[in-house]
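Shown next, in structure tokens, is the structure this report addresses.
The values are calculated or read from the model by the stated rules, or taken from the named source; none is laboratory data. Since this is a predicted model, take the numbers as computed values, not measurements. Neighbour counts run over all protein chains shown; Cβ positions are idealised from the backbone, glycine included. With ligands, DNA and RNA removed, areas are computed over all heavy atoms of the protein, side chains included. Shrake-Rupley method; radii C 1.70, N 1.55, O 1.52, S 1.80 Å.
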Amino acid sequence: MTQTYALLLRGINVSGRRKVPMAELRTCLEELGHRHVRTYLQSGNAVFTTDSTASEEALATAIEDAIEARFGFRVDCLVRDGAYLAAVAEACPFPAETLEGKQLHAIYLSGAADPERFAGIDREAYLPEDFALGDRVLYLHVPGGLGTSRLADAISRPSTARGMVATARNWNTVRKLVEMTHED
């Protein structure tokens, strides 16, 4: 059965480091047997279809291995199916339809977020910024944008994110990936 997935790469093409050109990423995914490969932006977003019955984690590991072989460095990857992406968008506890894309982010996680990891964050101290935990995602509302967010810094500290792969996407990208995974 053919399945459509989004691929989320963490920390590539930032400040000229860890360069992964999107055309080469598409070729890399096609060489793994994936079809209908499309990329979005230069920040590491791709959508592909596959007949593979491998788990999302196994697909991600195979892609990480292929990227390392091709580019000489390892990149953390998350693979999520279109239904999951749509459910994340639907479950957003913040008023996404009234916010600018830069004000709302989904931080996709490699596993379930343990609420205890975030219990030490004094949420009142960061208002009007706020966050909420979802299914392998952390929703981050930052009215001033991510670049100046103190709450984003607190959330990304090793004490809260330890042992997890996490990669953030602004809400414009969240919506676009949902759209792209439902085009086929």
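Grab the Cα-Cα distance for Asn172 and Ala91, subtract it from 0.36 nm times how many residues apart they are, and report the gain in nm with one decimal.
Gain in length upon complete extension: 27.6 nm.
Glu100 to Glu64: extension gain in nm, 0.36 nm per residue of separation minus the Cα-Cα distance? Provide the component values of the computation, followed by the final result.
On the way: separation 36, 0.36 × 36 = 12.96 nm, distance 3.21 nm.
Between Glu100 and Glu64, full extension yields an extra 9.7 nm.
Which residue fluctuates the most in the chain, going by a Gaussian network model with Cα springs under 10 Å, if the choices are Glu100, Glu116, Glu31?
In this elastic network of the chain, the residue with the biggest mean-square fluctuation among Glu100, Glu116, Glu31 is Glu116.
Filter the chymotrypsin sites (Phe, Trp or Tyr not before Pro) in the stretch 56-100 to those in DSSP coil with at most 15 other Cβ atoms within 10 Å of their Cβ, and list the result.
Sparse-neighbourhood loop chymotrypsin sites (Phe, Trp or Tyr not before Pro): Phe73.
Counting only heavy atoms of the protein chains, get the accessible area per residue of the stretch 60-184 (1.4 Å probe) and round it to a whole Å² value.
48 Å²
Whenever you get a sec, compute what percent of the accessible area on the chain sits on carbon and sulfur atoms (1.4 Å probe). Working shown, then result.
Numbers: 4520 of 9040 Å².
Reported share for carbon and sulfur atoms: 50 percent.
Above 25 angstrom, tally the Cα pairs of the stretch 77-184 and express them as a % of all pairs, no decimals.
Values: 937 of 5778 pairs.
Of all Cα-Cα distances in the stretch 77-184, 16 percent exceed 25 Å.
Name the shape class, rounded, prolate or oblate, that the alpha-carbon gyration tensor gives for the stretch 1-102, where a ≥ b ≥ c are the square roots of its eigenvalues, rounded holds for a/c under 1.5, and otherwise prolate holds if a/b is larger than b/c and oblate otherwise.
oblate
If you take the alpha carbon radius of gyration of the chain and divide it by 2.2 N^0.38 Å, what ratio comes out, to two decimals?
1.02
Hand me the trypsin sites (Lys or Arg not before Pro) from the stretch 1-97 located in a DSSP loop with no more than 14 other Cβ atoms within 10 Å, in residue order please. Mind dumping the intermediate values first?
Details: sites: Arg10, Arg17, Arg18, Lys19, Arg26, Arg35, Arg38, Arg70, Arg74, Arg80; in loops: Arg10, Arg18, Lys19, Arg74.
Listed in order of number, the matching sites are Lys19, Arg74.
With a sphere of radius 15 Å drawn around the Cβ of Gly144, what net charge do the other residues whose Cβ falls strictly inside it have (Lys, Arg +1; Asp, Glu -1)?
It works out to a net charge of -2.
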